[in-house]
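Heads up, the thing below is written out as structure tokens.
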Amino acid sequence: MPEVVVENVHKSFGALEVLKGVSLSVGRGEVFALIGRSGSGKSTLLRCMNGLEKINAGRIEIAGHALGGDARALRKLRTDVGIVFQSYNLFPHLTVGENIMLAPRIVKDVAKAKARDVAREVLQLVGLSEKFDSYPDQLSGGQQQRVAIARSLAMRPKVMLFDEVTSALDPELTEEVLTVMENLARDGMTMILVTHEMGFARRVATQTIFMHKGKIWEQGPSAALFADPQTPELRQFVKSDVK
Amino acid sequence: MTLKTFGLDQFGFLVFSLQWTILLTVIALVGGGLLGFAVALARTAHLKPVRIAAATYIQVIQGIPVLMILFLSYYGLSLAGFELPPLCAAGASMTIYASGYLAEIWRGCIQAVPKQQWEASESLAMTRLQQYRYVILPQAMRISLPPTVGFAVQVVKNTSITSIIGFVELARAGQLINNATFQPFRVFLAVAVLYFVVCYPLSQLSRLLERRLHAGSSR
Ligand SMILES: Nc1ncnc2c1ncn2[C@@H]1O[C@H](COP(=O)(O)OP(=O)(O)O)[C@@H](O)[C@H]1O
Ligand SMILES: [Mg+2]
């Protein structure tokens, strides 16, 4: 049983069709990279997978939940699917520890002491144990993004979605976030990530998907896809990234 | 009263009446705060009819003078057979007036919280109620402090309008004393000073909160 199934998904914003029949299937522990030009529908696809956007047609199943149920079913799905955004989106009025403990406490009714243990554990995972009592605005961008990842992990998700999580970061800070993600992948997390880091996609992703004009234009094992692009569009895209 | 001069007794009466001004302000802010908070939430609700109803309420309240709200609740209800004591009519009118403005101020504050905060909390499987309670309102409340305190200053001054229906607050007390003393300059100077003594610290507080908000960035 794949952990993520997307079947012939269509999504429009008004008259603009952004996803034009997208299908993919991600096995447990696999890492998929979504690449493609800006505007090709990568974020929209990711946001459809946790119900932030409603699809117009098709089917999505993720971590054993089907999208399209009522609000309660959607929340159930979201406890098993974490998402991290480009802009971190930490809660600025809460400390790092409180950011991480909030959802487990109020959504999953985890006891306070237990939630604190989990928070310390995931903070250690992202290498920020000493920041438990800091506020987000006291952290660098890279640190904030690692806290955002830790906050998602505290929910014990089965699938993690990442939407260009390093695009707002300087190169040195990008590295520390990519390292965290690489460790996650190595520990067997099922991951789908939109990224501009071609080197990272090639090295870490089991499969890479090239999206173009709302469709999956090309897909394959990462090494093969980058080494030998089949379409002129991907060839062009890979070339423009190298320079 | 026979003709008197403006002395300590008269000043004491003004200070006594200031209590009614303050009481009325407190009623308006507490009552208007509760009602306005509900309307602000309705104004940002998911359901469109609820949003429209709340928007209409705000438009109507802001579109008519406080004086008309006051006349409607005082004379209107007494025509309909309900005799409201002036304090009730004044309190109810100021509550309605304040609710319309506070709702609009707070709607702005709720909507000033970035939509990414909604998305992040929603993605963590929170219910809408939990999103408001733990993520959105704490941030909105912080933003709302300076304009809310600023509005309180307006309320203090606008309570003077209730003198029209015979409610004896500070402004009305000034009129009464002036009628007895014919020393308008002294009397109303004293009245103005008393308003100032209440409003000035509030304005300063509002300004201080605003500066703190800018300096302390996001937290
Ligand atoms: N909420 C929205 N409303 C209208 N158009 C949108 C919305 N979100 C995205 N789009 C449009 O959909 C297209 C795909 O966007 P997106 O999925 O963000 O692309 P990518 O992440 O690949 O850059 C773009 O043309 C974008 O302008
Ligand atoms: Mg995008």
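The values are calculated or read from the model by the stated rules, or taken from the named source; none is laboratory data. Everything quoted here is computed from the prediction, not taken from an experiment. Neighbour counts are summed over all protein chains in view; Cβ atoms, including those assigned to glycine, are modelled from backbone coordinates with ideal geometry. Accessible surface areas use protein heavy atoms only, side chains included; no ligands, DNA or RNA. Shrake-Rupley method; radii C 1.70, N 1.55, O 1.52, S 1.80 Å.
Given A:159, A:165, A:180, A:194, which one is open to solvent by 10 Å² or more (accessible area, probe 1.4 Å), within 14 Å of the chain's Cα centre (by Cα) and of a type in the set (A, V, I, L, M)?
None of the others qualify; the one that does is A:180.
Scanning region A:40-61 for residues that are more than 16 Å from ligand 2 (Cβ to nearest atom) and within 25 Å of residue A:222 (Cα to Cα) yields a total of 2.
If the condition is being open to solvent by 10 Å² or more (accessible area, probe 1.4 Å) and either touching a Ser or Thr at 6+ places or on another chain (Cβ under 7 Å) or closer than 25 Å to residue B:208 by Cα (or both), then region B:111-130 contributes B:111, B:112, B:114, B:116. If you go through region A:124-141 and keep only what is open to solvent by 60 Å² or more (accessible area, probe 1.4 Å) and among the hydrophobic types (A, V, I, L, M, F, W, C), you end up with just A:125. Selection over region A:33-91 of residues that are in contact (Cβ under 8 Å) with a residue 40 or more places away in the chain, more than 16 Å from ligand 1 (Cβ to nearest atom), part of a loop (DSSP other than H, G, I, E, B) and open to solvent by 50 Å² or more (accessible area, probe 1.4 Å) gives a count of 1. Here residue A:21 fulfils each of the conditions (1) surrounded by fewer than 22 Cβ atoms within 10 Å (Cβ to Cβ); (2) within 13 Å of another protein chain (Cβ to nearest Cβ); (3) within 16 Å of ligand 1 (Cβ to nearest atom) apart from (2). Selection of region A:7-39 for residues being within 17 Å of residue A:86 (Cα to Cα) and either more than 15 Å from ligand 2 (Cβ to nearest atom) or more than 15 Å from the chain's Cα centre (by Cα) (or both) yields A:36, A:37, A:38, A:39. Just to check your reading of the model, which residue among B:21, B:44, B:5 is among the polar types (S, T, N, Q) and under 23 Å from residue B:202 (Cα atoms)? Of the residues listed, the single one that is among the polar types (S, T, N, Q) and under 23 Å from residue B:202 (Cα atoms) is B:21.
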